[in-house]
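Derivation of every value follows stated rules applied to the coordinates shown; laboratory data play no part. Just so it is clear, the structure is predicted and the values come from calculations on it, not from any experiment. No Cβ is skipped: glycine too gets one built from the backbone with ideal geometry, and neighbour counts run over all protein chains shown.
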Amino acid sequence: MRILGIDPGFERLGIAVLEKNKNERKEKVLFSECFHTSVKLEFSERLLLIGKEVKNVIKKFKPDILAIETLFLTTNQKTVMHVAETRGVVIYEASCNKLEIFEASPPQIKIAITGYGKANKEQVMKMVKILVDIDNKKTYPNDHSIGRESDDELDAIAIALTAFACIKR
């Protein structure tokens, strides 16, 4: 089974594709990236680029399921609306390609990864690195200095891992 994990955002979109075969102990990261869009572009152009990137990843890796984080409330309503629209583009592309959709909230992801719904970012990132086979050539920050780019990638991996934990096949 292959799962496409997405940490939604319109400036930075965390993307990861994980696979697990029945005879393997751990999920394997086949692909991960932090896809950036320029703040200089119109929002509609950014959505178009995000849609194209997600479509390309789906075409290349042929996942079975999209795992995407649900929205959390924030005081900046403009940001929430843009992230919601980004989620819509991602879900649209997944639906067009007949992917099953799995959604999880941040507390659900934290419980699935660490066993504790109020775990901090460092605890989640540390567990992600333990739970999956990650390409050791790729540099991820250490537990004390999580960078934004890898942070979004690792969040996408965490979301995909949550789907693996919840979907039994």
Name the trypsin sites (Lys or Arg not before Pro) in the stretch 1-51 that are in a loop by DSSP and that have at most 14 other C-beta atoms within 10 Å, would you?
LYS22, ARG25, LYS26, LYS40
Spin-label model distance (nm) - LYS129 vs PHE43, 7 Å beyond Cα toward Cβ
3.6 nm
Cross-link partners of LYS118 among lysines (Cα-Cα below 17 Å; sequence separation of 8 or more within a chain)
LYS110, LYS126
FRET efficiency, 1/(1 + (r/R0)^6) with R0 30 Å, evaluated for SER105 and LYS78 via beta carbons
0.90
Listed by chain and number, the aspartates and glutamates with an alpha carbon less than 14 angstrom from that of LYS52, same-chain partners under 8 positions apart left out, are GLU93
Just tell me which lysines come within less than 19 Å, Cα to Cα, of LYS20; anything on the same chain fewer than 8 places away is out.
LYS28, LYS59, LYS60, LYS62, LYS129, LYS168
